[in-house]
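Asker: Below is the structure I would like to discuss, written out as structure tokens.
The values are calculated or read from the model by the stated rules, or taken from the named source; none is laboratory data. Predicted, not measured: the structure shown is a model, and the values here were computed from it. When we count neighbours, we look across all protein chains shown, and the Cβ atoms used for this are built from the backbone with ideal geometry, even at glycine. Note: areas computed on protein heavy atoms with side chains; ligands, DNA, RNA excluded. Shrake-Rupley method; radii C 1.70, N 1.55, O 1.52, S 1.80 Å.
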Amino acid sequence: MYPPKFDYYRADSVDEAVALMGQHGGKFIAGGHSLLPVMKMRLADPGVLIDIGRIDGLRGITRSGNSFRIGALTTHATVAAYDDRHFPDALKHAAGMIGDPQVRNRGTVGGNVAHADPASDLPTVFLALGATFHIAGANGARSVHAANFFTGLFETALAENEVLTAVEVPAEGIENGSAYAKLFNPASRYAMVGACANITVSLTGECTACSVAVGGLTPKATAAPSVGAALVGKQLTDDNIAAAAALVLNDLGGDVMGDIHASAEYRRQMAPVFVGRALTLAGHRAGWVARLQKNVKDVAGDVLEEIERRLRK
Amino acid sequence: MKVSMTVNGKATERDVEPRMLLVHFLRDELGLTGANIGCDTTQCGSCTIHLNGTAVKSCTVLAVQADGTSITTIEGLAQNGNLHPMQQAFWDKHGLQCGFCTPGMIMAATKLAAGNPHLTDEEIRHGLEGNLCRCTGYENIVRAVKAGAQAMAGGD
């Protein structure tokens, strides 16, 4: 399948990309792993492609202060292999669940979120992590919070002539844990339901902050504030997690999507299951200090008891 | 539009339409028909080639996007008439039936196995998620990749 005809321009800088778009219109292409398939299926016919895939400085992950900046051209494979213990686990693992190895070698973070496929993984993760999207345009640069970036089905806050340059996510401290759980479409590996949990746990094992988002079953990545609100102030027990996860149904809105792979009703039923899995895993990752402390106390208690027992002999 | 790339070590240059896919460039312009077009939708992996050293699906790359890159296809794996160890392993373990998926399987497997001589069955199955075979049930493919990975590291 050939894509429909188009004129092709290659930009060597963000400024040139913005200028070319102002001049010719059309679509930006990076890895092309969202755009080319829809063009081949004749679902898109932009007429002009402006290739931003070679712009220096848009590729790679850098740590600056308390956050990581992921260049828009960074591939999913790079994110999945990124080795820094402060880098959010949910993002690293979700990137490794996208498509397959070949797709991850070519698909880019920026292209993924700019395309905003409802069955994509990264929008859900970025929403739960509270990411910031950095954008360049003819009128200069601006930043948009994740809560305002995904605006609808395949729609974002990006204007036609704006380029996404980077996505910034907060670094994880010892008290933070994040996780992504996904009900895979077995053929395409897209998310039929995806859930991301981002949790902060106190030294005593109590949940002090919790942000949850879901995707795959709603037209855009959707925040689930009811879940987080129900967990804050509580211990992350199985019962508390299950009760909180069930509340995701309050946040799905009236437009749960179904198709031949899974009905809307089935996806709705699965949402609390996968939110629960994400919460459990994120809580486990966040709660290691509390667990360790408890283990040390338990062991110390046993040792003290043993000493006292022997002294009494 | 003029594009030039190094394919299997040889410099090539052609004038192509911007919408030409890399897999068509390789097959129709260069006559390298090893990379097959199966699903044509980035799923089956039979068009897998190496672009600047990483495995990608050439049905979802434009030839103009590959301008200036270095490409290896299945035709470029054998050296001096000797099959690449992974090709030999697919032969020895009979890791194919109809053979349609085989070039893509081998191109994906060589990258999976690079620096990884002791792949487990699970790692191989997970690592070949981007390649579909409709004949073999994958058993012999997994055996072939396991043997090929060891052979690539110089073992038996």
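Asker: If we keep just the residues of the range A:30-44 that are of a type outside the set (Gly, Ala, Ser) and within 11 Å of another protein chain (Cβ to nearest Cβ), which is most open to solvent (accessible area, probe 1.4 Å)?
Answerer: A:Met41
Asker: The conditions are (1) at pLDDT below 95; (2) closer than 28 Å to A:Ala114 by Cβ; (3) open to solvent by 70 Å² or more (accessible area, probe 1.4 Å), and A:Asp302 fails exactly one of them. Which is it?
Answerer: It fails just one condition, (2).
Asker: Of A:Gly65, A:Gly60, which residue is modelled with pLDDT of 95 or more and surrounded by fewer than 18 Cβ atoms within 10 Å (Cβ to Cβ)?
Answerer: A:Gly60
Asker: Okay, next question. Looking only at the range B:17-53, how many residues end up being facing another protein chain (nearest Cβ under 8 Å), free of Cβ contacts under 8 Å to residues at least 60 places away in the same chain and assigned to a loop (DSSP other than H, G, I, E, B)?
Answerer: 7
Asker: Here is a check on your reading of the model: is A:Ala72 closer than 18 Å to A:Lys182 by Cβ and in contact (Cβ under 8 Å) with a residue 12 or more places away in the chain?
Answerer: no
Asker: Could you tell me which residue of the range B:54-82 is least open to solvent (accessible area, probe 1.4 Å), considering only residues that are more than 8 Å from chain A (Cβ to nearest Cβ) and without any contact (Cβ under 8 Å) to a residue 24 or more places away in the chain?
Answerer: B:Ala78
Asker: Right, something else. Scan the range A:204-227 for residues that are over 17 Å from the mean Cα position of the chain (by Cα) and buried (at least 22 other Cβ atoms within 10 Å of the Cβ) and jot them down.
Answerer: A:Cys207, A:Val227
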